[in-house]
Amino acid sequence: MTWKNSIENRLTFLFMLVMFGLFGITSSISIYFGEVSKSQNDSEYSDKLMHVSFALIRGFRNQVRVLTRDYAEWDETYHYVLTDDAEFTQQQLGAAALESGEVDGVAIHSPVYGLMYSESTLQYLDNKSLWALFDDFSSADVSVPLRGLVFDKSRAYIYTSMPVTGNGASKESVGRITFIKQITHALSEQISASIQEEFRIVNNLDTHTSSRFDIHDKWRYERLNMSFEHEHLVATYQMTHGEDQVLPLHIEVKMKRLDTSNDRYWPQLVPQFIIMAILGGMLLLILRRRVTNPIKQLIEWLNQIGNLNMSEDLKPFERADYGEIGVLSKRFEEIYNDLYEQHQFSQILLYSISDFIFTVDSAGRVDYCNPAAAEWLKIDARSVEHQEFELLLSCLDDDLPSVSNWLYRALHTYSEYSGEANIRIISQPDCVFKMQVQVSPMLQAEEGQKGAMIILRPLE
């Protein structure tokens, strides 16, 4: 039995195809949702890093706010605003004092004199353009604390401004002191070292723009986009204040992804593959036990019957109770019994007929003769099969058609022949038999092949 004709092989192939298809689909779905879950985890982790970084920025801002409050409530600062004592600024607000306080600039404004004093530790800082952003401090309500961001020539600063009141009982405000701290690359590196990932602040203003943003409420941040670079994730956030005010800076957090290797999928896929392989083996065993093996046994059971010799006693099929196969075997047994009865009746009928009956195939070879014909030829019926019919007998009448002419009419022209002829047979060459001859064309069941039936009836 060839592979393509084997039900077991085809069912096994189809099952393996479906199994691997399902394995591919389930694996793809697992990998897809794994990637989605991983991206979500990376996104949540980047938000946590941004939250920590933002807390660190607020910590730096609070340092400036504490320093500003200390100076604003100092009696000597209060005395300086009233008297303009230069010795105070030289000793307490010089470059060395700013460096020790970890700030980059200071300014004092008075409602009466405007900008009274300014100092910076940054050489590139243009005090005029920077402190011009605070000109309104001299006319503003000096009792209101202010904080926010300052952008000057593509650089960003944190500022805190508080009213100068001293420690007097009246707490009367006489001016305003302001400290600034630049958001530098060193600050970004410090935050990066704290979160152990890359942190960067990007100023979106050009080099010729200066602006100040007063922040009265809490700062907020929201993620703009998230992109993947090989094994890293880059998340960009924007700073917002109030309802619709967007600060001109972005914050980028570049972090290494939690896991980017393809090996992480094996712990998920290997168990699935093993389970499907075990399931496939079990189903294959069930298929062989319940389907293919019973079918093979049914075929062997049917092969007990020969092509021409029907068995009188066909043993029952052992798996007659196996569902459809059992029903099929019972149906075969019923058909066989009907055929056997018909065969028995045909044999009795043919034995009772004294005429000599032959059937030949399309090549003129005998494929059947009845018992009377075999007895007349004095040859066993099985030895006659597949013999050339023309070799078994010959026609002695010169004016009558020959045996080959009988067969030609029946096999090729589909016409019948009947008549009387003197016949000589191969087993009795000295005897002549006068016979009534009738040759009729016929179609055999197998693929509609041509054949003929010859009936010889003795006349004497």
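Here is how the numbers come out for the structure above:
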item: Some residue of the stretch 219-226 being modelled with pLDDT under 80, out of contact with any strand residue (DSSP E or B) (no Cβ under 7 Å at 6 or more places or on another chain), open to solvent by 60 Å² or more (accessible area, probe 1.4 Å) and part of a strand (DSSP E or B); result: no
item: Subset of the stretch 80-90 [in a helix (DSSP H, G or I) and surrounded by fewer than 16 Cβ atoms within 10 Å (Cβ to Cβ)]; result: L82, T83, A86, E87, Q90
item: Selection from the stretch 390-431 of residues that are assigned to a loop (DSSP other than H, G, I, E, B) and either closer than 19 Å to V366 by Cα or not charged (D, E, K, R) (or both); result: L396, L400, P401, S402, T413, Y414, S415, E416, I426, S427
item: Residue within the stretch 91-112 that is over 18 Å from Y159 (Cα atoms), open to solvent by less than 70 Å² (accessible area, probe 1.4 Å) and aliphatic (A, V, I, L, M) present; result: no
item: Pairs where the first residue, in the stretch 171-191, is without any contact (Cβ under 8 Å) to a residue 60 or more places away in the chain and the second is open to solvent by 10 Å² or more (accessible area, probe 1.4 Å) and among the hydroxyl-bearing types (S, T, Y), C-beta under 7 Å, 6+ apart; result: K171/T165; E172/T165; S173/S143; S173/T165
item: Residue selected from the stretch 351-397 under the condition of a type in the set (S, T, Y) and farther than 17 Å from R424 by Cβ, by the criterion least open to solvent (accessible area, probe 1.4 Å); result: T359
item: Which numbered condition T260 misses (of (1) part of a helix (DSSP H, G or I); (2) under 30 Å from L22 (Cα atoms); (3) modelled with pLDDT under 65); result: (1)
item: The stretch 40-60 - residue that is under 32 Å from the mean Cα position of the chain (by Cα) and without any contact (Cβ under 8 Å) to a residue 12 or more places away in the chain and, of those, most open to solvent (accessible area, probe 1.4 Å); result: K48
item: Filtered residue count, the stretch 61-79, keeping only those that are open to solvent by less than 80 Å² (accessible area, probe 1.4 Å) and touching a strand residue (DSSP E or B) at 6+ places or on another chain (Cβ under 7 Å); result: 8
item: Residue that is open to solvent by less than 60 Å² (accessible area, probe 1.4 Å) and at pLDDT below 75, where the choices are L302, L308; result: L302
item: Contacts under 6 angstrom Cβ, first residue in the stretch 109-135 being at positive phi, partner at pLDDT below 85, 6 or more apart; result: G114/S138
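The values are calculated or read from the model by the stated rules, or taken from the named source; none is laboratory data. Just so it is clear, the model here is predicted, and its values are computed rather than measured. All Cβ positions, even for glycine, are placed from backbone atoms using ideal geometry, and neighbour counts span all protein chains on display. All accessible areas refer to the heavy atoms of the entire protein, side chains included, with ligands and DNA or RNA removed. Shrake-Rupley method; radii C 1.70, N 1.55, O 1.52, S 1.80 Å.
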